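As structure tokens, the structure follows; a few thoughts come after it.
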There are 2 protein chains.
Amino acid sequence: MAHRPRSEMIAETKCKLLESARRAFGTVGYADASMDDFTAEAGLTRGAIYHHFGGKKGLLEAVIMQIDAEMTERLHEVSKRASNPWDGFVDECLAYVEMALEPEIQRIVHRDGPAVLGDPLGWSNQEGCLAAMMKHVRTLKQQGYIRQELDPEATARLINGVSLHGAQWIANSHDPKQASDRIVIAFRALLEGLLTTSNVN
Amino acid sequence: MAHRPRSEMIAETKCKLLESARRAFGTVGYADASMDDFTAEAGLTRGAIYHHFGGKKGLLEAVIMQIDAEMTERLHEVSKRASNPWDGFVDECLAYVEMALEPEIQRIVHRDGPAVLGDPLGWSNQEGCLAAMMKHVRTLKQQGYIRQELDPEATARLINGVSLHGAQWIANSHDPKQASDRIVIAFRALLEGLLTTSNVN
DNA sequence: CCAATTGACATACGCAGCGTATGAACTTAC
DNA sequence: GTAAGTTCATACGCTGCGTATGTCAATTGG
């Protein structure tokens, strides 16, 4: 077995770095993740990181983009199998909450990410979870489900905030199950504020 | 002029440390704030920090508590001069948004704080901004303004999330004025979802 | 098929920054 | 007035990042 093409080797190296970095970031956090440690774990050294990702920050950014792509995919799956647009939207929101409960996502995407890279607006603008939700809101508006005066982007942003904080509260609650139930009730109530009067049940 | 009582000297030292640390954290951020630098700026050394605050984290915690206390006070002022409870609540929410726009608050309280110290639930549980908002929600519920099935804590948490993300979006927008207008509309819509049907206009 | 060149990493070095252990001065208590 | 405790400064070692440099393999051009 001779050597495989170079492009494959590179892709594998990048993949290994992303994997071990993601695990380190997700467990001990960005600040306490030693580059020497998790590169060694991947059988490499820091040199590879500086070459491929420019540095520790670049690596974090790449990890986040990877996770965000996975989240977007999962959310798409959820909203696809709803019977009507509004329910699909609500389901997607709740799925987003559930995902934010996963330790890896919570830590990397929602805590260290904004702290290290700044506001999420910069790195998840195109084709990310936020973009997907924004598109969803726009559709609901066109179909008359929600109020006409609502701006899709602003609305998506706010709902995103609701989801994140709800999730955070649930995650850190001593009784996650009960917290989840209470959050869902309040969440649904808030969302109903968006509906046009003719759509309020 | 002889020596003043020791307790005064200590208080002054603590105050100076808090002040310079707060400035450093608020501008360059927690990670890039060198303890040697901002202690020197206060005419002291790191030794003082480890003695009084236990370390860098402890100092951040103290700074956050100081800011949170100021925020609580300011919010209280706002809601006090409203004509009715619901308007007072809405005003308080919008004031919270505005405060989250201030760079120092945004950076220290909403970004570095959670990243370094973990979830805000731990450090702002008692007598903080969240507690105040929660109390407000409870009152509104008792007075019949908002739905009975809503849990005050969960609701306050979600609204907090709405405020934070709205503020963040406004702050990073290229047109803050326009963004602010769009956020306010969506924010009000969401809040109206909390109202009892008899209170919806 | 063989240089020449580029790319993909590893190695070595320097430096900043944190935490701790130690020490000195000053205060308070008795 | 002395002993004890407090408040800070100083000194030390360690970890961890970034960069500069080196090395080897792979690709390219003739």
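Laid out as a table, the results:
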{"item": "Filter result (open to solvent by less than 10 Å² (accessible area, probe 1.4 Å) and either small (Gly, Ala, Ser) or under 15 Å from B:Val97 (Cβ atoms) (or both)) within the range B:140-159", "result": "B:Ala154, B:Ala156, B:Leu158, B:Ile159"}
{"item": "Scope the range A:172-183; condition exposed (fewer than 14 other Cβ atoms within 10 Å of the Cβ) and facing chain B (nearest Cβ under 7 Å); matching residues", "result": "none"}
{"item": "Residue in the range B:62-83 that is assigned to a loop (DSSP other than H, G, I, E, B), more than 14 Å from every other protein chain (Cβ to nearest Cβ), of a type outside the set (A, V, I, L, M) and open to solvent by 50 Å² or more (accessible area, probe 1.4 Å) present", "result": "yes"}
{"item": "Test: residue in the range A:126-143 that is modelled with pLDDT of 90 or more, out of contact with any Phe, Trp or Tyr (no Cβ under 8 Å at 6 or more places or on another chain) and of a type in the set (Val, Ile, Thr)", "result": "yes"}
{"item": "In the range B:35-48, the residues that are near DNA strand C (Cβ under 8 Å from one of its atoms) and buried (at least 16 other Cβ atoms within 10 Å of the Cβ)", "result": "B:Met35"}
{"item": "Among the residues listed as A:Gly26, A:Gly43, the single one being in contact with a Pro (Cβ under 8 Å, 6 or more places away or on another chain) and not assigned by TED's automatic domain parsing to the domain that holds A:His165", "result": "A:Gly26"}
{"item": "All positions within the range B:6-34 that are open to solvent by 70 Å² or more (accessible area, probe 1.4 Å), touching a residue at least 12 places away in the same chain (Cβ under 8 Å) and near DNA strand C (Cβ under 9 Å from one of its atoms)", "result": "B:Ala31"}
{"item": "Any hit, the range B:52-59, residues being open to solvent by 40 Å² or more (accessible area, probe 1.4 Å), part of a helix (DSSP H, G or I), within 14 Å of another protein chain (Cβ to nearest Cβ) and within 16 Å of DNA strand C (Cβ to nearest atom)", "result": "yes"}
{"item": "Criterion: assigned to a helix (DSSP H, G or I) and crowded, with 21+ Cβ neighbours inside 10 Å - qualifying residue of A:Ala95, A:Ala186, A:Ala131", "result": "A:Ala186"}
{"item": "A:Val137, sole failed condition from (1) more than 20 Å from A:Glu104 (Cα to Cα); (2) within 19 Å of the chain's Cα centre (by Cα); (3) open to solvent by 10 Å² or more (accessible area, probe 1.4 Å)", "result": "(3)"}
{"item": "Within the range B:4-42, considering residues that are in a loop (DSSP other than H, G, I, E, B) and within 12 Å of DNA strand D (Cβ to nearest atom), the one modelled with the lowest pLDDT", "result": "B:Arg4"}
{"item": "When residues of the range A:189-201 are limited to those that are at the interface with chain B (Cβ under 7 Å from one of its Cβ atoms) and outside any loop (DSSP other than H, G, I, E, B), the one most open to solvent (accessible area, probe 1.4 Å)", "result": "A:Glu192"}
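The values are calculated or read from the model by the stated rules, or taken from the named source; none is laboratory data. Because the structure is a prediction, the values reported are computed rather than measured. Cβ: placed from backbone, ideal geometry, glycine included. Neighbour counts: every protein chain shown. All accessible areas refer to the heavy atoms of the entire protein, side chains included, with ligands and DNA or RNA removed. Shrake-Rupley method; radii C 1.70, N 1.55, O 1.52, S 1.80 Å.
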